[in-house]
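This report refers to the structure that appears directly beneath it.
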Amino acid sequence: MTLLTLLEFGNNMTYKLQDLAQHCDAKIQGDNISLNIKSAADIMTATEGEVTVLSSAKYAKYLKNTKASACFISPQLASNEAPENLILLLCDDPEISFLSAVSALHPAPQLNRSISKQAAIAGSVSLGENINIGAFSTIDDHSIIGDETEILASVNIGRNVSIGKNCRIYPNVVIYDNTTIGNNVTIHAGTIIAADGFGYKYRDNEHIKVPHVGNVVIADNVEIGANTCIDRGALGSTTIGAGSKIDNLVQLGHNNTVGRNVIICGQSGISGSCTIEDGAVLAGSSGIADHVTIGQQAVIMARSGVAGDIKPGTQMFGSPAKDKKVAWRELAALSKLPELFKKFKKLEQRLERLEK
């Protein structure tokens, strides 16, 4: 990629098309390579001066009517009918090239790095270089904040917390004592890290709370969505592996071990002491019982309930979760029950007549 000369366009940036193509490893097919591109949009709503993408044949029908000025596309799809004035940007992976264009055309706002006078920072806190701490944020004793990290307004960080380099913590996040967070981690607004797990013992007609004295350990390159809760371990650690992504509104119970590059989608709930192995995917509203292992690359489909271990590489659906092919056959059979019931009633009536 080359250093580009950019023109400011509102909150966006404007690229010359030839520069944008080079930046995104694409080859131009068409004239007017000096055209200005001001923003990115999807293929159905894009207008003049915008760039779009066609990454799948199922959307090819929209190509011929797009109003975009340019389109990232693979050579295999470039033969589809397109407007005469549309410039094609040929590339091996249109989706990734388009994402590069989106990032370039719509850069994240650069904060004015400073430590607010309205932040409350204990004297024993270690602060890295070029950090940002917003108003009304608090950082308690013996915590460490790495270089280039941004802590936005009203974040509460407890004692003995370690946050690595180049992290971004959004407003109203709460990080309890003894949490360890790696480099390049993003935690979105309203998330709670390392609250007590939901652990009780029932004795003598009352619930006795289990003390939680463990912590949470989050590895590098993790992103955690808004209003998610990750509980600390009762004795050991709740761990999130490198590269994993957790959506909004997820509940992750105490002493869970989440592997590398795991995806956990919104409104999923994982009980305590589970192991989610590398590359597994938990789709929206998944429910996982305690002490369950989800194998590598396994997929738990949306709204599924898992009560037992899942083998690596399998795809599970339903509640209780079953192999998706079995579950779908059962659903197909259930859809036929009303018609089968009608046939059964007719046979029953016919049998009664024959008996008479």
Tell me which of Gly164, Gly243, Ala283 sits at the most positive position along the dipole axis of region 120-327, charges placed on C-beta atoms (Lys, Arg +1; Asp, Glu -1). Ala283
At 7 Å along Cα-to-Cβ for each site, give me the label-to-label distance between Arg159 and Leu99 in nm. 4.1
Debye calculation, C-alpha points only, no solvent: report log10 I(q)/I(0) for region 7-105 at q = 0.13, 0.15, 0.16 Å⁻¹, in the same order as the q values. -0.36, -0.48, -0.55
Given the options Ala108, Ala57, Ala302, which has the most mean-square fluctuation in a GNM of the chain, springs set between C-alpha atoms less than 10 angstrom apart? Ala57
Two decimals is fine: what is log10 I(q)/I(0) at q = 0.21, 0.32 Å⁻¹ for region 164-212, from a Debye sum with one equal scatterer on every Cα and no solvent? -0.77, -1.19
Under 8 Å for C-alpha pairs, at least 6 residues apart: give me the relative contact order for region 120-327, rounded to a whole percent. 10
Cα to Cα, under 26 Å, and not fewer than 8 places away if on the same chain: which lysines meet these conditions relative to Lys342? Lys356
Let me know the volume per residue of the alpha-carbon convex hull for region 108-177, in Å³. 69
Please work out the Cα convex hull volume for region 258-356 and give it in Å³ per residue. 108
Tally the DSSP beta bridges in region 165-261 and give the antiparallel ones as a percent, rounded to 5. 15
Length-normalised contact order of region 7-105 in % [C-alpha pairs under 8 Å, at least 6 apart]: 29
Between Gln297 and Ala122, what's the calculated FRET efficiency when r is the beta-carbon distance and R0 is 51 Å? Round to 0.05. 0.70
What are the aspartates and glutamates whose alpha-carbon lies under 17 Å from the alpha-carbon of Lys165, with same-chain residues fewer than 8 places away excluded? Glu129, Asp147, Glu148, Glu150, Asp220, Glu223
Cross-link partners of Lys311 among aspartates and glutamates (Cα-Cα below 20 Å; sequence separation of 8 or more within a chain): Glu277, Asp278, Asp290, Asp323
Magnitude of the charge dipole, the chain, Cβ model with Lys/Arg +1 and Asp/Glu -1, debye to 20: 1720
Beta carbons within 10 angstrom, averaged per residue: use that to sort the peptides 33-43, 17-27, highest first. 17-27, 33-43
Whole-angstrom Cα spans of region 173-268 along principal axes, big to small: 47, 24, 22
Contour minus Cα-Cα distance for Lys209 and Glu48 (0.36 nm per residue): 51.8 nm
Hey, what does the equivalent ellipsoid look like for region 120-327, semi-axes from the Cα gyration tensor as sqrt of 5 times each eigenvalue, largest first, whole Å? 31, 20, 13
Which label in (1) 125; (2) 166; (3) 217 gives the computed volume of the Cα convex hull per residue in Å³: (3)
The farthest towards the positive end of the charge dipole of region 7-105, of the residues Leu99, Phe72, Tyr62, given +1 on Cβ of Lys and Arg and -1 on Cβ of Asp and Glu, is Tyr62
Using alpha-carbon pairs under 8 Å, 6+ residues apart, how would you state the relative contact order of the chain in percent? 6
So how much slack lies between Phe136 and Asp31, counting 0.36 nm per residue of separation and subtracting their Cα-Cα distance, in nm? 32.5 nm
222 nm [θ] for the chain, helices only, -39500 (n - 2.57) per DSSP H run of 4+, per residue, to 500? -4500 deg cm²/dmol
At Leu331 and Leu351, where each label point lies 7 Å from the Cα along Cα→Cβ, what is the point-to-point distance in nanometres? 3.3
When the charge dipole of the chain is computed with +1 at the Cβ of Lys and Arg and -1 at the Cβ of Asp and Glu, the Cα pointing farthest to the positive end, of Thr180, Ile115, Met301, is that of Met301
Segment Gln22-Ala78, extension gain: residue separation times 0.36 nm, minus the distance between their alpha carbons: 18.3 nm
Treating only the Cβ atoms of Lys and Arg (+1) and Asp and Glu (-1) as charged, compute the dipole magnitude of region 120-327 about its Cα centre; round to the nearest 20 debye. 680
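FYI, it's all coordinate maths here, none of it is from the lab. As the structure is a computational prediction, the values presented were derived from the model and not from experiment. As a convention, Cβ positions derive from the backbone with ideal geometry for all residues, glycine included, and neighbour counts pool all protein chains shown.
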